[in-house]
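The values are calculated or read from the model by the stated rules, or taken from the named source; none is laboratory data. Worth saying up front: this structure is predicted, and the values here are computed from it rather than measured. Ideal geometry is used to build each Cβ from the backbone, glycine not excepted, and the neighbour counts take in all protein chains shown. Note: areas computed on protein heavy atoms with side chains; ligands, DNA, RNA excluded. Shrake-Rupley method; radii C 1.70, N 1.55, O 1.52, S 1.80 Å.
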Amino acid sequence: MGVSSAAPRSAWHRWASLSCLKSSPGRVPPCAPVPLQRGNRVPALGVCSPWAAGFRALRGFHAAPRRRREVALTSERFGVRRLPFARVGDRDVAFFERVLPGRVVTDPEELKPFNVDWLQSVRGCSQLMLKPQTTAEVSQILRYCYERNLAVNPQGGNTGLVGGSVPVFDEIILSTALMNQIISFDKVSGILVCQAGCILEKLNEYVEEQGFVMPLDLGAKGSCHIGGNVATNAGGLRLLRYGSLRGTVLGLEVVLADGSALDCLASLRKDNTGYDLKQLFIGSEGTLGVITAVSILCPQKPKAVNLAFLGCQSFTKVLETFTTCRAMLGEILSAYEFMDEKCMELVERHLKLSSPVTGSPFYVLIETSGSNSTHDEEKLNSFLEQAMTSGLATDGTVATDDKKIKALWSLRERITEALTHDGYVYKYDISLPVGKLYDLVTDTRARLGPRAKNVVGYGHLGDGNLHLNITAESYSHSLLEAIEPFVYEWTARCNGSISAEHGLGFKKKQFIAYSKAKEAVLLMQRFKAMLDPKGILNPYKMLPSGS
């Protein structure tokens with residue numbers, strides 16, 4: 001819908017009457033509140049299988065079931081050599097069954113989904129999964145594994161995208177799925193203390209009943225565990241407003257490789273006594289210790305949320321729109337996401353979703369959240385009028401009720417799911433100076449040409465995070481060689497990061513030098529050797545081979 005700058009007021013009223021998705025408030029019924037007392041655990045928040053229809057309950061939407069395909073063993077596809085760990089025997093299984101009665105899994109069929117990542121791109125061959133419920137049980141498990149030299153693969157919701165959450169060989173899977181209890185919640189400070197296996201969406205539902213929200217929001221929130229989020233330092237959709245987990249996590253409880261428990265589960269905003277040890281484990285991807293409990297600061301739940309979905313004719317316009325909205329929306333701006341037209345095509349084709357805004361090369365999703373709906377809507381309307389009359393956006397729509405907000409968010413959040421239906425996906429999670437963000441997509445598309453089925457770009461423009469994705473009919477080593485290290489070299493030339501929020505896992509570990517100096521990597525290796533001298537925790541991940 002074009003808008004003439006000669007008639008700004010009539011143009012805006014025409015835009016508002018045609019495009020606004022405003023209706024009477026509708027709300028998904030929340031869970032019943034559960035009274036809390038410190039030290040008393042509330043009922044479990046639910047367990048989710050990694051195969052539960054893909055990313056389950058994406059803001060109320062359910063993913064279509066995905067076809068399982070045979071995944072090549074990681075060790076064979078990538079030529080990995082098994083390290084000299086002991087192998088699990090009957091004696092070991094008998095010990096674990098005494099420690100965890102009824103919570104030891106050895107059935108090959110039951111183990112299959114836990115050996116394969118959500119993207120179906122890497123596969124291990126673990127023959128044993130353990131499901132502890134307490135920190136004490138995790139401590140017993142790791143103490144025994146350390147003595148026996150048995151490798152352990154910590155696993156949360158298994159929604160990771162870099163192969164960090166599944167075994168490479170026969171590592172024991174230590175699942176946090178049953179560690180799903182809330183320990184305490186302070187309604188004055190907004191500080192939540194919970195076990196590591198709590199599902200992010202369930203936590204958000206719980207704290208919403210208390211008038212708060214989780215500071216983290218991800219497309220995988222229906223399956224991912226808070227412990228896994230912290231272990232990977234997940235970013236997500238609210239980082240622009242609430243910052244990273246390095247700021248909102250106040251304390252951790254961690255079990256080290258030798259089974260000793262480290263209690264740093266503080267619930268204080270300020271604590272300057274010695275080194276901030278929790279920061280070692282945030283983003284360590286389970287290689288330094290197993291996170292068993294988290295203390296996290298939850299912000300107040302916004303009373304007014306609005307969403308605008310706009311079409312832009314160029315990436316330059318996307319950047320100018322961001323500059324304008326940041327200046328005009330200020331403190332109420334909570335998210336600024338972008339996606340290209342290829343993303344929209346895939347979401348519509350594979351998931352049958354329908355966008356109310358079409359025909360643009362780029363789309364932006366802008367969320368505001370505040371305490372006064374009238375104030376926020378006035379600011380948003382003023383910004384939208386400016387964006388339309390100045391030509392920054394050529395079409396758009398606005399949503400103010402929950403149901404339609406979720407419908408618009410699904411267009412962005414379900415891109416990852418749509419990509420998996422398009423074939424094998426090569427995924428890259430890059431941080432770059434905002435002005436160069438889309439240049440990498442353009443250059444990659446030109447480099448690969450017809451060898452790639454689709455090359456798409458989307459992400460969190462507000463914090464300079466690009467998700468570059470390339471699809472092909474099937475895995476191709478020659479295509480991988482055309483992509484890597486090209487993408488990493490390009491990123492390094494721009495002083496970017498090869499992992500903005502997904503971590504390094506198995507797939508990216510060999511490329512860490514593109515973002516970190518040699519001295520920094522050596523120091524990381526020293527931390528690993530000190531805390532896990534036998535290397536039993538999540539081996540083959542995060543640090544380069546030979547570490």
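A few notes on this one:
- Flag for Ala234 being farther than 20 Å from Gln181 by Cα and out of contact with any strand residue (DSSP E or B) (no Cβ under 7 Å at 6 or more places or on another chain): yes
- Boolean, Ala257 is in a loop (DSSP other than H, G, I, E, B), surrounded by 14 or more Cβ atoms within 10 Å (Cβ to Cβ) and modelled with pLDDT under 95: no
Conditions (1) over 24 Å from the mean Cα position of the chain (by Cα); (2) under 25 Å from Ser410 (Cα atoms); (3) in contact (Cβ under 8 Å) with a residue 60 or more places away in the chain, marked per residue:
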residue: Arg447; (1), (2), (3): yes, no, no
residue: Val455; (1), (2), (3): no, yes, yes
residue: Gly459; (1), (2), (3): no, yes, yes
residue: Leu468; (1), (2), (3): no, yes, no
residue: Ala472; (1), (2), (3): no, yes, no
residue: His477; (1), (2), (3): yes, no, no
residue: Phe511; (1), (2), (3): no, no, no
residue: Ala520; (1), (2), (3): yes, no, no
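- Segment 407-463, subset under 29 Å from Ser223 (Cβ atoms) and basic (Lys, Arg), residue most open to solvent (accessible area, probe 1.4 Å): Lys453
- Those helices (runs of 4 or more DSSP H) lying entirely in segment 275-363 with at least 3 residues in contact (Cβ under 8 Å) with a residue 24 or more places away in the chain and more than 24 Å from the chain's Cα centre (by Cα): 315-329
- For segment 390-404, residues that are outside any loop (DSSP other than H, G, I, E, B) and either touching a strand residue (DSSP E or B) at 6+ places or on another chain (Cβ under 7 Å) or modelled with pLDDT of 95 or more (or both) total 6.
- Of all the listed residues (Val290, Val305), the sole one being in contact with a strand residue (DSSP E or B) (Cβ under 6 Å, 6 or more places away or on another chain), more than 30 Å from Gln155 (Cα to Cα) and not acidic (Asp, Glu) is Val305.
- When we screen Gln155, Gln120, Gln127 for residues that are on the phi < 0 side of the Ramachandran plot, surrounded by fewer than 20 Cβ atoms within 10 Å (Cβ to Cβ) and in the same structural domain as Leu83 (by TED's automatic domain parsing), the only hit is Gln127.
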